[in-house]
Amino acid sequence: MAGLLCGTKRKKPVSDLHEEGKNAINAPMLPSGKDVHPEDTLLEENAERIMLDPTSRDDPKFKDLLKVLIDWINSELEEDRIIVKDLEEDCYDGQVLQKLFEKLSGRKLNVAEVTQSEIGQKQKLQTVLEAVNELLRPHGWSIEWSVDSIHCKNLVAIVHLLVSLAMHFQAAIRLPEHVSVRVVVVKKREGILQTALVNKELTSTTEMMMGRFERDAFDTLLDHAPDKLNVVKTSLITFVNKHLNKLNLEVTELESQFADGVYLILLMGLLEDYFVPLYNFFLTPENFDQKVHNVAFAFELMQDGGLKKPKARPEDVVNLNLKSTLRVLYNLFTNYKNSE
């Protein structure tokens, strides 16, 4: 956002500072409280600043979204011993975003590892965001962030960025649906601060968010050749039963019988020829979280076996999403179809 002031602020007479601060705090529709300071609204002519409305910060769904994103980052960067506790304080300097992008994309960025100065931090952010934008923009993503907004700890911009990355890379997380926040847009026109409240949508429905992913053969199959779907399902059922029959187990419905993760775990043990200790998973899962745990654990076993991380999310398999289940099973089929 052009002209956004943060970090180093230009010196102004005390009277000007007081007057602009007073105008900002008293301006119509501008929230009051600890999140508004006179220096936040020291803007150049025609510039604007966007601030999160304090009431949105306390919204339970927004808090849930923040927790999901924090847990996801910490899971992805566990090997780097990076622990994020606060998105505003931990993401603004580019260090965490750099590591996260490199982990997700498999691409190493040419940036300094540690930067203490504001200039160095912004240079790192510039490099990281350029790489992110080059990746996302061709796929139709709306770029709702900038170097200045991230470095100024604009939480809405940071969340927009993280949600876009999570969706693009098909993160194994369940983003809360229909999360929106209100932001205060402060603009300076002819020396007068103008304010407005604007709603910002951060997430939509799971189906719509999943729809942003690149289409694959199963999308084409279900959309344009549903008559061939039964052929594919029959082939996969034959494959899994060839192995599960060794435990006197049999699958007849792909959509439902893999939803709790138990058969997936047992199948991986059979394919890789090892016994999976029962204490590692729920043999008779009783709720959604236990089923998600099982499917996620099966995904870990797949990666331990040298397979790529499944594109499907554990939650989608548990929710009986046929395409997600087919993707997982077909990945096993292509890797183990010759296994006895």
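What about Ile70, is it at negative phi, touching a strand residue (DSSP E or B) at 6+ places or on another chain (Cβ under 9 Å) and either surrounded by 16 or more Cβ atoms within 10 Å (Cβ to Cβ) or not assigned by the TED database to the domain that holds Ile158 (or both)?
Working: at negative phi: yes; touching a strand residue (DSSP E or B) at 6+ places or on another chain (Cβ under 9 Å): no; either surrounded by 16 or more Cβ atoms within 10 Å (Cβ to Cβ) or not assigned by the TED database to the domain that holds Ile158 (or both): yes.
No.
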- Note on the structure: Exactly one of Glu255, Glu340 is of a type outside the set (Phe, Trp, Tyr), in contact with a Leu (Cβ under 6 Å, 6 or more places away or on another chain) and open to solvent by 30 Å² or more (accessible area, probe 1.4 Å), and that residue is Glu255
- Message: Looking at the range 46-63 only, could you name the residues that are open to solvent by 90 Å² or more (accessible area, probe 1.4 Å) and under 18 Å from Gln194 (Cα atoms)?
- Response: Asn46
- In the range 103-140, how many are touching a Leu at 6+ places or on another chain (Cβ under 9 Å) and open to solvent by less than 20 Å² (accessible area, probe 1.4 Å)? 7
- Item | Residue among Asp71, Asp40 that alone is modelled with pLDDT of 80 or more and either outside any loop (DSSP other than H, G, I, E, B) or more than 19 Å from the chain's Cα centre (by Cα) (or both) | Asp71
- Task: Kindly indicate which of Leu326, Leu229 is open to solvent by less than 30 Å² (accessible area, probe 1.4 Å), touching a Lys or Arg at 6+ places or on another chain (Cβ under 8 Å) and not assigned by the TED database to the domain that holds Ala171.
- Result: Leu326
- Message: Would you confirm whether or not the range 291-313 contains a residue that is part of a helix (DSSP H, G or I), aromatic (Phe, Trp, Tyr), without any contact (Cβ under 8 Å) to a residue 60 or more places away in the chain and under 18 Å from Ile173 (Cα atoms)?
- Response: yes
- Task: Identify the single condition in (1) surrounded by 19 or more Cβ atoms within 10 Å (Cβ to Cβ); (2) touching a residue at least 40 places away in the same chain (Cβ under 8 Å) that Phe169 does not satisfy, given that it satisfies every other one.
- Result: (1)
- Contacts under 8 angstrom Cβ, first residue in the range 132-156 being without any contact (Cβ under 8 Å) to a residue 24 or more places away in the chain, partner hydrophobic (A, V, I, L, M, F, W, C) and open to solvent by 20 Å² or more (accessible area, probe 1.4 Å), 6 or more apart: Asn133/Ile143; Arg137/Ile143
- Subset of the range 76-94, residues modelled with pLDDT of 90 or more, assigned to a helix (DSSP H, G or I) and open to solvent by 30 Å² or more (accessible area, probe 1.4 Å), comes to Glu88, Glu89, Asp90
- Note on the structure: Residue hits (the range 152-166; at pLDDT below 90 and open to solvent by 20 Å² or more (accessible area, probe 1.4 Å)) are Cys152
- Query: Give me the pairs: first residue in the range 250-276 and over 17 Å from Thr334 (Cα atoms), second residue open to solvent by 40 Å² or more (accessible area, probe 1.4 Å) and of a type in the set (Lys, Arg), beta-carbon distance under 6 Å, and six or more apart or on different chains, which are they?
  - Reply: Asp260/Lys291; Gly261/Lys291
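Among the listed residues Tyr279, Tyr263, which satisfies the condition of being in a helix (DSSP H, G or I), surrounded by fewer than 16 Cβ atoms within 10 Å (Cβ to Cβ) and of a type in the set (Phe, Trp, Tyr)?
Details: Tyr263 fails: surrounded by fewer than 16 Cβ atoms within 10 Å (Cβ to Cβ).
Testing whether each residue is in a helix (DSSP H, G or I), surrounded by fewer than 16 Cβ atoms within 10 Å (Cβ to Cβ) and of a type in the set (Phe, Trp, Tyr) leaves just Tyr279.
The values are calculated or read from the model by the stated rules, or taken from the named source; none is laboratory data. All of these numbers come straight from a predicted model, not from anything done at the bench. As a convention, Cβ positions derive from the backbone with ideal geometry for all residues, glycine included, and neighbour counts pool all protein chains shown. Just the protein is used for accessible areas: all its heavy atoms, side chains included, with ligands, DNA and RNA removed. Shrake-Rupley method; radii C 1.70, N 1.55, O 1.52, S 1.80 Å.
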